[in-house]
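Down below is the structure, laid out as structure tokens.
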Amino acid sequence: MQAVAGIGLRAPHLAEVARDRPETGFLEIHAENYLAGSPALQTVERLRQDYEFSIHAVGLSLGSSDGLDEAHLARVVQLVKRLEPTLVSEHLSWSVFGGRYFNDLLPLPYTDEALAVVVRNMQRLQDALGRQVAIENPSCYLGFAQSTLNEPAFLAELVRRSGCGLLLDVNNIVVTAHNLRLDPRQWLNLPGEAISEYHLAGHAVNDADGQPILIDDHGSRVGEGVWALFGEVVQRFGARPTLIEWDTDLPALDVLLDEAARADTTVSMAGRHAACAA
Amino acid sequence: MPLALRDLQSAFVAHLAGTDRIDLAGEVLGDTIPAAARLRVYRHHVRESLSTALATTFPTVQAVVGADFFRQMARDFVGQSLPEQPVLAEYGASFAAFVDGYEAARRLPYLGDVARLDWALNHAFHVPTSGRLAVADLAAIAADQLTALRLVLAPGSTVISSCYPLDRIWAISQPGAATETVDLDGGGAHLLVLRRPDDAAFVDLSAAEATFLGCVAGQASLEEAVTAAATIDPAFDLATSFARLLALGTFAALQ
């Protein structure tokens, strides 16, 4: 896939995209929205003939201490085989416990024990798919006292042991770094060659007992702080397929395409900057 | 001694369900934002995102009761019934029964049936298209064997019978519908929900047709289903009703 920007394809935009076929680098869908056989899946299958696709899973729960839900895994495998996307990704988090699904990307302690769990689950996922999966750094609202690694070190070790790729979400870096009082430049130590995609999105600022806390709500334009860090990330690691994610208060399709155009501009400016610095 | 991962996740799940766990709070780094406030972000998100998912699946229920009432009802449902798997379009199978017993909605006795209709439409929309029984398929069957035939409803075909005019309630609850009132004593409704090629929809049935299809769904033979329909309406005409139901794509193709 070319290192250009694409957009998250959401149900309210499906008919418009199918009709107008806007120019964009790729389309990303959430796997869990297409596991049943709705007419939306038929539309996506037709779009697949004209677009590169990325399948972003949100419910495999790679951090579950009890292992993966094999029934759910089988459905995701079937979808991936059907659409043959260019990219497949999941999150560094957990969302299933005791046969219940929590519809959230819940935080993990960054310990050797958790690393072994995620490595095992990631290997199971990649074996089932017969391909590499990229793992996304999450937005965190808390950190655990028992963590012995920082997040980039945990991710780097996960990449080394499982052979997975990385999906670097620049908004999530900004959100986590702010909420946990960390330096966002920590994430510039990641193994760049493993990064296969970037994510960009908007976040909200909420109040937590009188203190601002950033919430990864994907409900607005990409923030200026995120754009600035994205420029640094591209200078450090180079260009990659870059996604504009928007899930709540979904705007007109043109707004997403406009954000994607800004991502492409940022990438080319960062490339020129890197060339001048060299 | 820090909690092992499985114990940590177990404690986190208890927290999400509304139990404040001191052992969990002790694991969380706090500063100017205390651990409890950080944990609350997750509890809030789980409840609100699942309530939003229910609003997507039950749009007519939400239109009837309004967004605020729906949100509280959905939160109460989430509190006692979490999804068992990650496909949110498949979450809410027991919502209609929950609405039936929801004290605050007691004055809306038809609301559970509205939820049943929303759920059936949602289910029909999400089943894959599949082969349907056509007139030509029946031509190969000898006339005297037709009555013994046991048909299967196509995936997504659901019969809903209500004591209330569910079709009218649904119609006036659609976006852009004119403001009208529905006479709740104006008679019940029998509806057949169907997966169509590009969407899901429902059609009105007569009481006898609903009985007929209910019997077919229960694996009765056509003859048994006709007999049951005739007890509801002696004038039930199989040829007319069957032709209509066939044309709608009600039945699955013969195996």
Revision key, fill the gap. Quick count over region B:106-160, residues being closer than 21 Å to B:L246 by Cα, at pLDDT 95 or above and β-branched (V, I, T), is 4
Check your understanding: When you scan region A:206-226, how many residues do you find that are over 16 Å from the mean Cα position of the chain (by Cα), modelled with pLDDT of 95 or more and surrounded by 16 or more Cβ atoms within 10 Å (Cβ to Cβ)?
Key -> 5
Check your understanding: From the list B:A63, B:A148, B:A115, B:A104, which residue is outside any loop (DSSP other than H, G, I, E, B) and either surrounded by fewer than 19 Cβ atoms within 10 Å (Cβ to Cβ) or within 14 Å of chain A (Cβ to nearest Cβ) (or both)?
Key -> B:A104
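For region B:208-234, how many residues meet the condition of being outside any helix (DSSP H, G or I) and among the β-branched types (V, I, T)?
Final tally of qualifying residues: 0.
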Exercise for review: Among residues belonging to region B:19-38 that are part of a helix (DSSP H, G or I) and of a type in the set (G, A, S), point out the one that is farthest from the other protein chains (Cβ to nearest Cβ).
Suggested key: B:A25
Study note, to complete from the structure: Across region B:16-33, the tally of residues that are surrounded by 20 or more Cβ atoms within 10 Å (Cβ to Cβ) and out of contact with any strand residue (DSSP E or B) (no Cβ under 9 Å at 6 or more places or on another chain) stands at 1
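Results for (1) under 20 Å from B:V216 (Cβ atoms); (2) surrounded by fewer than 11 Cβ atoms within 10 Å (Cβ to Cβ); (3) without any contact (Cβ under 8 Å) to a residue 12 or more places away in the chain; (4) away from chain A (no Cβ under 14 Å), shown as yes or no for each residue.
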| position | (1), (2), (3), (4) |
| --- | --- |
| B:D144 | yes, yes, yes, yes |
| B:V152 | yes, no, no, yes |
| B:Y164 | no, no, no, yes |
| B:L191 | yes, no, no, yes |
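Take A:P85 and tell me if it is buried (at least 18 other Cβ atoms within 10 Å of the Cβ) and at pLDDT below 95.
On the way: buried (at least 18 other Cβ atoms within 10 Å of the Cβ): yes; at pLDDT below 95: no.
For A:P85, the condition - buried (at least 18 other Cβ atoms within 10 Å of the Cβ) and at pLDDT below 95 - is not met.
State whether one or more residues within region B:134-141 are in a helix (DSSP H, G or I), surrounded by 11 or more Cβ atoms within 10 Å (Cβ to Cβ), β-branched (V, I, T) and in contact with a helix residue (DSSP H, G or I) (Cβ under 7 Å, 6 or more places away or on another chain). Break it down into steps so the answer makes sense when it comes.
Filtering region B:134-141 for residues in a helix (DSSP H, G or I) gives B:135-139.
This time we only want the ones that are surrounded by 11 or more Cβ atoms within 10 Å (Cβ to Cβ), so: B:137-138.
If we keep only those that are β-branched (V, I, T) as well, we get none.
The answer is no; no qualifying residue exists.
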Exercise for review: Filter region B:65-113 down to the residues that are of a type in the set (S, T, Y) and closer than 21 Å to B:V182 by Cβ, then identify the one that is farthest from the chain's Cα centre (by Cα).
Suggested key: B:Y102
Exercise for review: Examine region B:39-56 for a residue that is surrounded by 21 or more Cβ atoms within 10 Å (Cβ to Cβ) and outside any helix (DSSP H, G or I), and state whether such a residue exists.
Suggested key: no
Practice item. Filter region B:193-242 for residues that are among the polar types (S, T, N, Q) and touching an Asp or Glu at 6+ places or on another chain (Cβ under 9 Å) and give the result. Key: B:S206, B:T211, B:S241
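Does B:T52 satisfy being within 14 Å of chain A (Cβ to nearest Cβ), under 30 Å from B:V182 (Cβ atoms) and touching a residue at least 40 places away in the same chain (Cβ under 8 Å)?
On the way: within 14 Å of chain A (Cβ to nearest Cβ): yes; under 30 Å from B:V182 (Cβ atoms): yes; touching a residue at least 40 places away in the same chain (Cβ under 8 Å): no.
For B:T52, the condition - within 14 Å of chain A (Cβ to nearest Cβ), under 30 Å from B:V182 (Cβ atoms) and touching a residue at least 40 places away in the same chain (Cβ under 8 Å) - is not met.
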Practice item. For region B:84-101, enumerate the residues that are surrounded by fewer than 21 Cβ atoms within 10 Å (Cβ to Cβ) and not in a helix (DSSP H, G or I). Key: B:E84, B:Q85, B:V87, B:A93, B:S94, B:G101
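Just checking, how many residues over region A:145-183 are of a type in the set (D, E), within 14 Å of chain B (Cβ to nearest Cβ) and touching a strand residue (DSSP E or B) at 6+ places or on another chain (Cβ under 6 Å)? Spell out how you get there, then give the answer.
Start the filter on region A:145-183 by keeping residues that are of a type in the set (D, E), which leaves A:151, A:157, A:169, A:183.
After this cut, where a residue has to be within 14 Å of chain B (Cβ to nearest Cβ) as well, the list is A:151.
Within this subset, residues satisfying the condition of being touching a strand residue (DSSP E or B) at 6+ places or on another chain (Cβ under 6 Å) are none.
Residues flagged as of a type in the set (D, E), within 14 Å of chain B (Cβ to nearest Cβ) and touching a strand residue (DSSP E or B) at 6+ places or on another chain (Cβ under 6 Å) within region A:145-183 amount to 0.
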Study note, to complete from the structure: For region A:38-63, pairs from a residue that is away from chain B (no Cβ under 13 Å) to a residue that is among the basic types (K, R), with Cβ under 8 Å and 6 or more apart or across chains, are A:D50/A:R21
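Quick check on B:R6: is it facing another protein chain (nearest Cβ under 7 Å), in contact with a Ser or Thr (Cβ under 8 Å, 6 or more places away or on another chain) and either assigned to a helix (DSSP H, G or I) or farther than 23 Å from A:L180 by Cα (or both)? Spell out the reasoning first.
Numbers: facing another protein chain (nearest Cβ under 7 Å): yes; in contact with a Ser or Thr (Cβ under 8 Å, 6 or more places away or on another chain): yes; either assigned to a helix (DSSP H, G or I) or farther than 23 Å from A:L180 by Cα (or both): yes.
Against the criterion (facing another protein chain (nearest Cβ under 7 Å), in contact with a Ser or Thr (Cβ under 8 Å, 6 or more places away or on another chain) and either assigned to a helix (DSSP H, G or I) or farther than 23 Å from A:L180 by Cα (or both)), B:R6 qualifies.
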Check your understanding: Taking region A:144-154, which residues are buried (at least 17 other Cβ atoms within 10 Å of the Cβ) and not in a loop (DSSP other than H, G, I, E, B)?
Key -> A:F144, A:E151, A:P152, A:F154
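The values are calculated or read from the model by the stated rules, or taken from the named source; none is laboratory data. Worth saying up front: this structure is predicted, and the values here are computed from it rather than measured. Neighbour counts are summed over all protein chains in view; Cβ atoms, including those assigned to glycine, are modelled from backbone coordinates with ideal geometry.
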